[in-house]
Structure formats: C-alpha cells, structure tokens
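Visitor: Below you will find the structure I want to go over with you.
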Amino acid sequence: MEDPILIRKDAASIARLTLNTPQTLNALSDDMLAALQGELEALAADTSIRAVVLAGTGKAFCAGHNLKEMTAGRATKDGGKAYFKDLFERCAKMMMTIPRLPQPVIAEVHGIATAAGCQLVASCDMAVAARGTRFGVNGVNIGLFCSTPMVALTRNIPRKQAFEMLTTGEFIDADRARELGLVNRVVDAADLTDATMDLAATVAAKLGTAVAVGKSAFYDQLTMPLGQAYDFTGNVMVENMLFRETEEGIEAFIAKRPHSWDQ
C-alpha cells in the first residue's frame, strides 16, 4: 500500500499537513492540489484544531508545479490552454483557502521553496525556515514568468525586491527571506520541527474564536482605506468583547487567576 501524498497528523489542537512526494520535491501536482484543497476545507470546519503546520518530506519543502504534468497537458487540440487555465485556477483557489481558514497556518520550510512552492510559503500566515533554505520564483529561467506566485510574493515583501527575484530568477537564502518579511524565524535545521511546533502551540493556546475573527479581520482590513479599516475593526472588537470567553479572560486577568476556556 502506497503512502498518501499528503499526510495529516493531529496533536492536541494542532494539525500537521506534510507534503509527501519527495521524488518530485513535493511538487504541486494535480493530485497534490486536490489533496491540499480537501484537507484545508476539512480543517475549516474542524473546531478542535487551532493551528495548522504545513511541511514537506525529503530534500525540499516544495519545488512548485509539476512540470512533467504541465508538459503532458499540452497534448490537446488547444495546445493545453484549457488545462493550464484550470490548473492555475485550482492552484489559486487552494492558495486563497489558506488565509481564509479560521486557524493560523504556519509553513515549516527546508531545502528549497521555488515558484509555486515559494507562493505556498507566502500564502501561509507565518513561516519558519531552516538555515540554508533557498527561496525563488525561478520560472523566468525557463521562459515562464511566475505571475501567479507573484501575487502572494508581492503581498509579503517589498516591491523592488520582489521584482528583482521575478526577473532574475535568483534565489534568496533564509536569512534574506526573514529580512524581507517572507519568513518569521530562521533556525538550525535540527531545530526546525520543534521551533515550528512551539510557535504553533503558542498560537493554539489562545482563544480559538478570538484568533479566528482576528485572522479574518486582519486580511479584510489590509485592502481598506485607513478610516474604513478603523470602523471595520472597531465593530470586530465590539463583537469580540461580547464573547463569554473574552469576558472570562478579562476577569481571570484582573483576578490574577488562570482562565477557564479549556476547563
């Protein structure tokens, strides 16, 4: 029996999704996109999970789209146009599902994260990288500008640095990725999983409903004018203040006692 291409393991309130096709450097094949979409949709409805970690097996986190599949997709009357359109729509849907999840999603990155693999890191809410990891949007090197990865990348790092990566096809290392804002933390490879899971545990220990409304508001307000953003987030805070669990959290803080959310 073959191992699944995407492995989910839950520990307490943390779900760990692991891309498991090391022979293709965990490329985002048609099957992998479908598996990720299915698990993400399941997680969206799973109130027992408060944080999600996305990792990869083998030598790399994710090398982007499966180029062999893309080449095979050309073997149609329209030269692959319909297939490619469908592929990039499915990929975009999966990438957009990540910020729409109620739970924060943390990428655990090692080896390389290239093209759509770099897009996957950029689409996650946070990222922890092993020292020595390389990030790139390298499609231009084979004549394919990374236009869809560009969407997530330019929402993570400054414009000129993103454009340089996109037009040169050059890699940046983990420390540079942290400087630019693509990843949050850089650790030794031996500490990668522990560091990522520690971050996930910190997030998962918070009130899940508060984090969920906060995450949704975080992304919604980013595109609003300043005044509208304050009006919107003020209303979000009003609703949050009315949560019974929030009332309990404030009372516990004032009384200098543990809160009872999980009791």
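The values are calculated or read from the model by the stated rules, or taken from the named source; none is laboratory data. A quick note: this is a predicted structure, and the numbers were derived from the prediction, not measured. Every residue, glycine among them, receives a Cβ derived from its backbone with ideal geometry; neighbour counts consider all protein chains shown. All accessible areas refer to the heavy atoms of the entire protein, side chains included, with ligands and DNA or RNA removed. Shrake-Rupley method; radii C 1.70, N 1.55, O 1.52, S 1.80 Å.
Visitor: Taking only C-alpha pairs under 8 Å that are 6+ residues apart, what is the relative contact order of segment 132-237 in percent?
Guide: RCO, segment 132-237: 22 percent.
Visitor: Next question. Using per-residue counts of other Cβ atoms within 10 Å, averaged over each peptide, order 125-134, 140-149, 204-213 from highest down.
Guide: 125-134, 204-213, 140-149
Visitor: Among L226, S123, F171, whose Cα projects farthest towards the positive end of the dipole of the chain, with charges put on the beta-carbon of Lys, Arg (+1) and Asp, Glu (-1)?
Guide: Most positive-ward Cα: F171.
Visitor: Still on this structure, please answer the following. What does the charge dipole of the chain about its Cα centre add up to, to the nearest 20 debye, if the Cβ of each Lys and Arg holds +1 and the Cβ of each Asp and Glu holds -1?
Guide: Its charge dipole is roughly 620 debye.
Visitor: Same structure again: Using the Cα centre as the reference, give the magnitude of the dipole from point charges on the C-beta atoms of segment 132-197 (Lys, Arg: +1; Asp, Glu: -1; all else neutral), rounded to the nearest 20 debye.
Guide: The dipole magnitude comes to about 360 debye.
Visitor: For a quick size check, give me the Cα extents of segment 179-263 along its three principal axes, largest first, whole Å.
Guide: Cα spread of segment 179-263 along its principal axes, largest to smallest: 43, 40, 17 Å.
Visitor: Percent of accessible area on segment 54-202 owned by carbon and sulfur, 1.4 Å probe?
Guide: 55 percent
Visitor: Work from the charge dipole of segment 1-116 (Cβ charges, +1 for Lys and Arg, -1 for Asp and Glu, about the Cα centre) and give the residue of T57, G111, L19 farthest towards its positive end.
Guide: Sorting the options by dipole projection puts first G111.
Visitor: How big is the dipole moment of segment 1-93 about its Cα centre under a simple scheme where the beta carbon of each Lys and Arg is +1, that of each Asp and Glu is -1, and everything else is neutral? Debye, nearest 20, please.
Guide: Its charge dipole is roughly 300 debye.
Visitor: Over the Cα atoms, compute the radius of gyration (one decimal) and Dmax (the largest Cα-Cα distance, rounded to a whole number) for segment 171-214, in Å.
Guide: 13.4, 38
Visitor: If I build a Gaussian network model for the chain, linking alpha-carbon pairs within less than 10 angstrom, which residue out of A189, A82, A63 has the largest mean-square fluctuation?
Guide: Top of the fluctuation ranking is A82.
Visitor: Please give the direction-averaged projected area of the C-alpha convex hull for segment 1-153, in square nanometres with one decimal.
Guide: Values: hull surface 38.4 nm².
Reported value for the Cα convex hull: 9.6 nm².
Visitor: Accessible area per residue, 1.4 Å probe, Å², for the chain: what's the number?
Guide: Per-residue accessible area for the chain comes out at 54 Å².
Visitor: Just the C-alpha atoms of the chain: what Rg/Rh do they give, with Rh taken as the Kirkwood radius? Intermediate results must be reported in sequence, preceding the final value.
Guide: Working: Rg = 19.6 Å, Rh = 19.6 Å.
On the Cα set of the chain, Rg over Rh gives 1.00.
Visitor: Using the alpha-carbon atoms, what tilt in degrees (0 to 90, nearest 10) does helix 244-255 show relative to the longest principal axis of the chain?
Guide: On a 0 to 90 degree scale, this one is about 60.
Visitor: Of the heavy-atom accessible surface of segment 209-263 (probe 1.4 angstrom), what whole percent is carbon and sulfur?
Guide: Taking all protein chains in place, segment 209-263 shows 65 percent carbon and sulfur surface.
Visitor: If you take every DSSP beta bridge whose two residues both sit in the chain, what share of them, in percent to the nearest 5, is antiparallel? Provide the component values of the computation, followed by the final result.
Guide: Values: 8 of 29 bridges.
Among the beta bridges of the chain, antiparallel pairing accounts for roughly 30 percent.
Visitor: Taking Cα atoms, how many degrees apart are the long axis of helix 192-204 and the longest axis of the chain, rounded to 10 and kept between 0 and 90?
Guide: 40 degrees
Visitor: For segment 1-158, what relative contact order do you get, as a whole percent, if you take Cα pairs closer than 8 Å and at least 6 residues apart?
Guide: Relative CO of segment 1-158 lands at 21 percent.
Visitor: From the residues V140, M241, S29, which one has its Cα farthest along the dipole of the chain in the positive direction, the dipole being from +1 and -1 charges on Cβ of Lys/Arg and Asp/Glu about the Cα centre?
Guide: Checking the options against the dipole of the chain, the answer is V140.
Visitor: Any idea how many Lys pairs in segment 28-167 come in under 27 angstrom at the alpha carbon, given 8 or more places apart or on separate chains?
Guide: Pairs that pass both the separation and distance tests number 11.
Visitor: Quick one: check the C-alpha center-to-center distance for segment 140-167 versus segment 192-263, whole angstrom.
Guide: For segment 140-167 versus segment 192-263, the Cα centre distance is 32 Å.
Visitor: Y83: accessible area at probe 1.4 Å, nearest 10 Å²?
Guide: Number for this one is 50 Å².
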